[in-house]
Amino acid sequence: MKKYLCMFMAVCAVLLTGCERSAENDLVKIPENFSGALEMYYYNGEKTVMGYIFDGNSRADILNSLSAVSAKSAENWSPEDVTIPVYGVKFGMGENAFEAAWTNGYWITRTGEAYSFDYDFAELWKDYDREGTDSTWSTAAILPCAYYLFRDENGWIADYLSPAGNLSEMPETLAVASTLDEDVLTVQFTNSGEREWGFGEFFDLQAQLDGEWYQVPRLPGDWIYIALAHFVMPQQTLEHEYDLSCYGELPEGKYRIVTDSFWAEFYIGN
């Protein structure tokens, strides 16, 4: 009896081993105790589309298939290897979140490392129904890891960045001046009019390249802005600080921060 019991346990062990997923890389790290949606991105050179996978089985299938890909470090990768389209995935929030971009057979991590990664993201995009309506942006700046895709040692690559849209007009009675100190941009507002003027915390960053303005991507991560409003009263001056650390080390050049109610230009370097 003991002999048959041992044989039965051995067969069970073999079967269980065969059912386990064979992970070929540790790039797809799932945050513990998190059951949110898997975000999927697709950029075609003109617009970025993003959708959600909420179904647990579909999400697990996708993450398992990504984990099963053999990945090797691509030390010689550079943004010159980027081709369109670009795909992106993101799961979780905070420091333990996992996000990556994929282009031309390369997997780019949230820390800027590149790996060779032979995977058919076009089929992945087609095979799974994203729940709800996909969201569309006219910018590539929201792509996961776009910060590493669209800049090199010489600065931002205009061919990949999205042109900025038209700016709202500021009141003639409002004067704006800015001073940069490391990662902090101090903007001074002077209201010479008779009505108060308001602005908020959220802002985008744009860079001027060859005379045109382009949207700049943030570092990978979850950047949260407090929904606060500030007011410059008539005949008064107010200073407000904007933390630019979410954009990392910026190449030299001319920049401007843009909100829904004002913009302020500044320079980095000479």
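The values are calculated or read from the model by the stated rules, or taken from the named source; none is laboratory data. All figures in this text were calculated on a predicted structure; none of them were measured in a lab. Here Cβ is always computed from backbone atoms with ideal geometry, including for glycine, and neighbour counts include all displayed protein chains.
Within region 57-78, which residues are part of a loop (DSSP other than H, G, I, E, B) and either among the hydroxyl-bearing types (Ser, Thr, Tyr) or buried (at least 17 other Cβ atoms within 10 Å of the Cβ) (or both)?
Let us first name the residues in region 57-78 that are part of a loop (DSSP other than H, G, I, E, B), namely 68-70, 74-78.
Passing the criteria: VAL69, SER70, ALA74, TRP77, SER78.
Filter region 136-167 down to the residues that are under 24 Å from THR109 (Cβ atoms) and of a type in the set (Gly, Ala, Ser), then identify the one that is farthest from the chain's Cα centre (by Cα).
Among residues in region 136-167 that are under 24 Å from THR109 (Cβ atoms) and of a type in the set (Gly, Ala, Ser), the one farthest from the chain's Cα centre (by Cα) is GLY155.
Residues that are more than 30 Å from SER58 (Cα to Cα), at least 1 per element: which strands (runs of 3 or more DSSP E) completely within region 123-225 meet that?
Output list reads 174-181, 184-191, 197-200, 204-209, 212-215.
Would you point out the residue of region 230-270, among those that are under 21 Å from GLU169 (Cβ atoms) and either of a type in the set (Phe, Trp, Tyr) or touching a helix residue (DSSP H, G or I) at 6+ places or on another chain (Cβ under 9 Å) (or both), that is modelled with the lowest pLDDT?
PHE262
For every residue, the table says whether it meets (1) out of contact with any Cys (no Cβ under 8 Å at 6 or more places or on another chain); (2) surrounded by 15 or more Cβ atoms within 10 Å (Cβ to Cβ); (3) closer than 30 Å to PHE199 by Cβ.
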{"position": "GLU80", "(1), (2), (3)": "yes, no, no"}
{"position": "LYS90", "(1), (2), (3)": "yes, yes, yes"}
{"position": "GLY94", "(1), (2), (3)": "yes, no, yes"}
{"position": "TYR106", "(1), (2), (3)": "yes, yes, no"}
{"position": "GLY112", "(1), (2), (3)": "no, no, no"}
{"position": "ARG130", "(1), (2), (3)": "yes, yes, no"}
{"position": "LEU161", "(1), (2), (3)": "yes, yes, yes"}
{"position": "GLY165", "(1), (2), (3)": "yes, no, yes"}
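When both residues are 6+ apart or on different chains and their Cβ atoms are under 7 Å apart, which pairs have a first residue that lies in region 82-101 and is of a type in the set (S, T, N, Q), and a second that is at pLDDT below 90 and outside any strand (DSSP E or B)?
Qualifying pairs under 7 Å: ASN96/PRO31.
Filter region 230-255 down to the residues that are touching a residue at least 40 places away in the same chain (Cβ under 8 Å), part of a strand (DSSP E or B) and on the phi < 0 side of the Ramachandran plot and list them by number.
Once the filter is applied, which keeps residues that are touching a residue at least 40 places away in the same chain (Cβ under 8 Å), part of a strand (DSSP E or B) and on the phi < 0 side of the Ramachandran plot, region 230-255 yields VAL232, GLN236, THR237, LEU238, GLU239, HIS240, GLU241, TYR242, ASP243, LYS254, TYR255.
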